Amino acid sequence: MGQTANERRVKDNEAMAMAKHLRTSPQKLNLVCQTIRGKSAGKALIDLEFNNRRIAEDVRKVLLSAIANAENNHNLDVDRLYVSEAFVGKSITMKRFRARARGRAARILKPFSRLTVIVREREDEATAKKAPKAKSEAKKAAQKTEAKKESETKKAPAKKADAKKTTAKKAPAKKTDAEKKDK
């Protein structure tokens with residue numbers, strides 16, 4: 001008689017972790033997230049460990065949490081995980097003020113961010129290698145058909161031009177200086 005379970009927000013081969021109130025601006029946090037997008041989980045952890053930005057430690061904790069979720073909750077292979085998505089959003093903004101001259105105040109905004117990291121398990125290497133080959137073969141076949149069409153369109157007008165040349169009367173050739181002297 002309890003509440004029904006929420007549906008999964010990610011696919012079966014994915015796991016997610018989120019941090020809601022990170023004390024930095026979304027723009028600065030996104031610079032760190034760009035460094036890990038698309039990388040394998042182990043490589044991303046190493047990159048975050050040696051990143052000089054202060055927020056990189058919090059991003060690393062979120063990534064570790066996503067990896068732990070993948071292993072414990074979704075039974076995914078940790079060695080085949082990679083960061084499929086790492087996106088940033090705005091959270092709250094604290095508003096403070098600073099006293100200025102003549103009794104005025106200047107606004108100070110202290111933004112917070114939220115971070116979501118999604119890790120995905122890579123497909124089998126055999127199928128992953130076959131897929132790009134199939135795509136490249138399809139592209140080559142499409143290029144060949146386009147080349148054939150272009151060559152056919154180029155050949156057809158050339159034949160028509162040859163036909164016009166044969167039907168048209170040729171102008172008499174100009175006599176050379178030697179022929180004029182003979183006469």
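Restricted to segment 13-27, and to residues there that are surrounded by fewer than 16 Cβ atoms within 10 Å (Cβ to Cβ) and out of contact with any Leu (no Cβ under 9 Å at 6 or more places or on another chain), the residue that is nearest to residue 78 (Cα to Cα) is 21.
Give the residues of segment 58-98 that are farther than 25 Å from residue 10 by Cα and either without any contact (Cβ under 8 Å) to a residue 24 or more places away in the chain or of a type in the set (D, E, K, R) (or both), sorted by residue number. If the condition is that a residue be farther than 25 Å from residue 10 by Cα and either without any contact (Cβ under 8 Å) to a residue 24 or more places away in the chain or of a type in the set (D, E, K, R) (or both), then 93, 94, 95, 96, 97, 98 are the ones that fit. Quick check on my filter: what residues within segment 47-73 are in a helix (DSSP H, G or I), surrounded by 15 or more Cβ atoms within 10 Å (Cβ to Cβ) and among the hydrophobic types (A, V, I, L, M, F, W, C)? Result: 48, 56, 59, 62, 63, 64, 66, 67, 70. Beta carbons closer than 9 Å, at least 6 apart along the sequence or on distinct chains, pair a first residue in segment 99-119 that is over 20 Å from residue 69 (Cβ atoms) with a second that is assigned to a loop (DSSP other than H, G, I, E, B) and of a type in the set (Val, Ile, Thr) for 111/24; 112/24; 113/24; 113/55.
Among 95, 90, which is surrounded by fewer than 17 Cβ atoms within 10 Å (Cβ to Cβ), basic (Lys, Arg), in contact with a helix residue (DSSP H, G or I) (Cβ under 9 Å, 6 or more places away or on another chain) and assigned to a strand (DSSP E or B)? Answer to the selection: 90.
Where a number appears in this text, it was derived from the coordinates with a stated rule and is not lab data. Model, not experiment: these values are computed from the prediction. Don't worry about glycine lacking a Cβ; one is built from the backbone with ideal geometry, like all the others, and counts go over all protein chains shown.
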